[in-house]
Structures are given as C-alpha cells and as structure tokens.
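Visitor: Pasting in a structure now, in structure tokens, and then I'll have a few things to ask.
Each reported figure results from applying straightforward, stated rules to the coordinates on display, with no laboratory input. Model, not experiment: these values are computed from the prediction. Counting neighbours? That spans all protein chains shown, and the Cβs are built from the backbone with ideal geometry, glycine included.
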Amino acid sequence: MLVLPVVVLGYGAVARAYIGQIISHRAEYRSRFGVDLTVAGVRTHRAQTEITEDTIPPRSEWSAPTALDELIARVEARVVVQAVPSDDAGAAEAVADGVCALRSGAHLVTATKTTLLHGWRALDAASRETGRAVKLSGTTGAMLPAADVARSLSNGIHVTSVSGCVNGTATFVLDRLSDGDSLGDAVEAARRAGIAEGDPAADLSGRDVATKIQILTGLLWSRDPGAAETILEPITPAIRSAAVRAKGRGQRLRQVAVADLDIPDLVTVSIRAVTRESPLGALNGPEKAVIFDCGEFGPVTVTGGQSSPTGAAMAMIKDTLSLALEVAPGLR
Ligand SMILES: NC(=O)c1ccc[n+]([C@@H]2O[C@H](COP(=O)([O-])OP(=O)(O)OC[C@H]3O[C@@H](n4cnc5c(N)ncnc54)[C@H](OP(=O)(O)O)[C@@H]3O)[C@@H](O)[C@H]2O)c1
C-alpha cells in the first residue's frame, strides 16, 4: 500500500471539495489503486491545522501557520495540493510555496494558474533537481482534460496551434448577450447559475482564457507561459448588438484564445462568430473546448467538462492518484 499524506494549501471551495472527496473515498482508493490518500494538514495564509482520523477541526481551533517546510516535515507529507487564489498579488508567495514543497520532498499538485504563469521555470528547475513532479491539470479548465491531451500530444506529435474556449463565464455571458441581455444582467445570471466567480474581470477581459492557453503552450512546446505577450479583446457592452446579429445568422459569438507554434510568445484572445454546429459553437453554458491543430492529421478537440469547484477538485484527485502510478519530474 502506497501511503500518500497530503498537505492542502487553501481552504476555499476547491480545497474543501478536494478534502471531502478524499475523506469520503479513502477506502475505495485503497482497494482500487492500492493508495492510502490522507489529508494530513490544511494551511491558509492565516491559520493551519494538522488532521488525524479524517476529521477537520473547526477553523476557530486552527493554530497560527508555521513555515511550510516545517509543516510538511512534521506530517511527513508526500504531496502538497495548492488551491489558493490565482491573483498576481499572491503569485510570488504561491510560487515560493510550490518550490518549497518540491525542495521539501513533496510532489506539487496545483489548481493555481498564477503559480505556473509566474513560476514555470523555477518550478521546472526545482522539480528536475528533486525528482518530484508538478501536476497541473486543474489549471486548464477544471475537469476538461486539456492538459492531459497536451502532454500526450507533446510526445512526438507536431501540434501547430492550440486554441480554446475555456472560460465558462465568457461563453455563458456571450450567449445571454445574443438573447438581448445587457452585460450586467448576463454577468448576474452567470453568478446566479454558479458559473461566475466573485470578480468576473479576468473572465471578461480574456486574461483567464489567455492564461490557460499559455499554460498549455508550456506543456506542448516547452515555452515559459509567463514570457508570452497577450493581446486581449474584452467582452464589453458594445458586443451585444454583434451577438444578437450573429444569432440571427445562426452563429454564436465565442471568446477564443489562440497560440501558434510559429509565432512564439504570443497569445491572442478575440471574440469570433462561429457556426452553431462547430465544436466551439456547440458549447452550452459553462462547457469548454480546446482544439489542438495537428497539421496533416487534422484537429484534435477535447470538449465538455463543465467548470465548478468540484470539477477542479476532481482534476486534482486525478493528478494526485496519478502520482502513485507514474511519477516523472517536470511540469505535467
Ligand atoms: N472555483 C472553480 O471553479 C475553479 C476551477 C478551476 C481552478 N480554480 C482555481 O482554484 C484556486 C482556488 O479556487 P477557490 O474557488 O477554492 O478559491 P477561494 O474560494 O477564493 O479560496 C481560496 C483559499 O485560499 C486561501 N489562501 C489565500 N491565500 C493563501 C496563501 N497565500 N496560502 C494559503 N492559503 C491561502 C484562502 O484563505 P482564507 O479562507 O483564510 O481566506 C482561501 O481558503 C484558484 O486559483 C482558482 O483559480 C477554481
């Protein structure tokens, strides 16, 4: 039996879904995979707790956080799972925590996009030095296995471009605009449906979708995602009339991010009209799609996998269990 004690960084929606899944499925993972997955500690920037008997104490009983390497050593963690906010303000600390996890002998599983955007090279170097893995499939579209497909294709398949519609809020809002909603009403509807997170600025500006495609270029072409320039076309109130007209023509507007092999270090995000039958036009609500153009072999499209905290948590469960089955250093 492989014992994998985990320290979880963050205790928001994604972290709680991840912890709940481990606690409720521990026996199944033991019998199906021969892996005893346990949450040994949880740490936010304000407090931490060690865990025994699969029981999380109330937050009022947590203690002040210690240095991360001390916590990892004390609970003998083999994996650090990171589900802290993807914001630029916290990026340096998130990268430092990731590097610390690897240097402390743990594998890193992250759902935090900015850790990768700001720390790709540092994490890659630390991973290769320590022989520990970085797993990141929760960063490129929750349950959508886009990172898995990118990693697989990077083994010898000539991918000439990658494009994607990987922000559920943007897709949902564009469809509501085409129904005649104002931008404010469309965003509010996305919030009510549980699709939009608190501040939708990064969804509407194209920043979020650009970041996900930047991360995929790291897997596909060994690029540093943070080195890419981005050109972003935002979703604004003025888009509504174009969305309504597109609907009248049997088309849908989609927020599409593109990166090309022969245009290094550039990711563009634009609002495009696509037919309703096309892979991007057929998306509904928070569904997502990524298209890998494989030259003479044509496109490979991965689609579906609605966005939710539970979806992101399940991607991290998959990443964590895969550490028991195939460990290779590098960002994967
Ligand atoms: N929600 C989704 O559907 C989804 C899908 C894919 C990926 N993601 C990504 O998953 C990550 C987590 O998302 P979420 O929705 O769970 O976020 P969230 O609900 O905002 O929770 C963030 C948690 O991180 C803690 N935190 C903040 N800074 C920290 C630090 N420096 N060290 C340790 N903990 C820290 C917060 O602590 P306090 O509780 O003390 O404030 C909070 O518990 C984000 O990067 C997000 O982009 C989310």
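Visitor: Check cross-link reach from Lys212 to the lysines: straight Cα distance under 26 Å, and skip same-chain residues fewer than eight apart.
Guide: Lys113, Lys135, Lys288, Lys318
Visitor: What is the dipole size for the stretch 102-239, taken about its Cα centre, with +1 at each Lys and Arg Cβ and -1 at each Asp and Glu Cβ, in debye to the nearest 20? Spell out each step's value before the answer.
Guide: Numbers: 13 positive and 15 negative charges, 158 e Å.
Dipole of the stretch 102-239, to the nearest 20 debye: 760 debye.
Visitor: Dipole size in debye (nearest 20) for the stretch 15-101 around its Cα centre, Lys and Arg Cβ +1, Asp and Glu Cβ -1? Before the final figure, lay out the partial values.
Guide: On the way: 9 positive and 13 negative charges, 57 e Å.
Dipole size: approximately 280 debye.
Visitor: Counting only residues 5 or more places away or on other chains, whose amide H sits under 5 Å from the amide H of Val109 once H atoms are built in the peptide plane?
Guide: For Val109, whose amide H was placed from the backbone, the distant partners under 5 Å are Val80, Val81, Gln82, Lys135.
Visitor: Now for a different question. Between Ala106, Ala91, Ala189, whose Cα lies farthest towards the positive end of the dipole of the stretch 59-211 when Lys and Arg beta carbons carry +1 and Asp and Glu beta carbons carry -1, centred on the Cα centre?
Guide: Highest projection toward the positive end goes to Ala106.
Visitor: Counting helices only, and only those DSSP H runs with n ≥ 4, report the 222 nm mean residue ellipticity of the chain as the sum of -39,500 (n - 2.57) divided by its residues, in deg cm²/dmol to the nearest 500. It would help to have the intermediate numbers written out before the result.
Guide: Working: 11 runs with 136 residues, N = 332.
About -13000 deg cm²/dmol.
Visitor: I've got another one for you. Could you check the simple spin-label distance between Ser31 and Trp221, using points 7 Å along Cα→Cβ, in nm with one decimal?
Guide: The two pseudo-label positions are separated by 4.8 nm.
Visitor: Right, something else. Positive end of the charge dipole of the stretch 146-306 (Lys, Arg +1 and Asp, Glu -1 on Cβ, about the Cα centre): tell me which of Gly304, Phe172, Pro225 has its Cα farthest that way.
Guide: Phe172
Visitor: Can you put Tyr18, Tyr29 in order, fewest other beta carbons within 10 Å first?
Guide: Numbers: Tyr18 28, Tyr29 20.
Sorted ascending by nearby Cβ count, the order is Tyr29, Tyr18.
Visitor: Another one. Show me 175-184, 77-86 ranked by packing, highest mean number of other Cβ atoms within 10 Å first. All intermediate terms of the calculation are to be shown ahead of the outcome.
Guide: Values: 175-184: 16.9, 77-86: 24.5.
Sorting 175-184, 77-86 by mean packing, highest first, produces 77-86, 175-184.
Visitor: I've got another one for you. Once the dipole of the stretch 215-332 is set up with Lys and Arg at +1 and Asp and Glu at -1 on Cβ about the Cα centre, which of Ser241, Thr275, Phe292 lies farthest towards its positive end?
Guide: Ser241
Visitor: Find, to one decimal place in angstroms, the Kirkwood hydrodynamic radius of the chain, where the mean of 1/r is taken over every pair of different Cα atoms and then inverted.
Guide: Numbers: mean 1/r = 0.0491 Å⁻¹.
The Cα-based Kirkwood calculation yields 20.4 Å.
Visitor: Using the 10 angstrom Cβ neighbour count as an exposure proxy, how do Glu197, Glu296, Glu70 rank, fewest first? Please report the intermediate quantities before stating the final value.
Guide: On the way: Glu197 18, Glu296 6, Glu70 11.
Listing Glu197, Glu296, Glu70 from fewest to most nearby Cβ atoms yields Glu296, Glu70, Glu197.
Visitor: Still on this structure, please answer the following. How tilted is helix 183-192 with respect to the longest principal axis of the chain? Cα atoms for both, answer in degrees (0 to 90, nearest 10).
Guide: Helix 183-192 sits at roughly 40 degrees to that axis.
Visitor: Can you tell me the relative contact order of the chain? Whole percent, Cα pairs under 8 Å, sequence separation 6 or more.
Guide: Working: 717 pairs, mean separation 70.1, N = 332.
Computed over the chain, the figure is 21 percent.
Visitor: Using alpha-carbon positions, what is the distance between the centroids of the stretch 86-105 and the stretch 14-69, in Å?
Guide: Comparing the Cα centres of the stretch 86-105 and the stretch 14-69, I get a distance of 19 Å.
Visitor: Continuing with this model, one more query. Per residue of the stretch 36-45, what does 6.51 cos²θ - 1.76 cosθ + 1.60 with θ = phi - 60° give for ³J(HN,Hα)? Whole Hz please, x for Gly and Pro, Karplus curve as stated.
Guide: With coefficients 6.51, -1.76 and 1.60, one gets 9, 9, 10, 8, 9, x, 10, 9, 10, 6 Hz.
Visitor: Of Ile72, Ile291, how do they rank once you tally other Cβ atoms within 10 Å and put the fewest first? Show your work: numbers first, answer last.
Guide: On the way: Ile72 24, Ile291 21.
So the residues, fewest neighbours to most, are Ile291, Ile72.
Visitor: In addition: About the Cα centre, and with charges only on the beta carbon of Lys, Arg (+1) and Asp, Glu (-1), how big is the dipole of the stretch 146-306? Nearest 20 debye, please.
Guide: Working: 16 positive and 20 negative charges, 104 e Å.
That gives the stretch 146-306 a dipole magnitude of about 500 debye.
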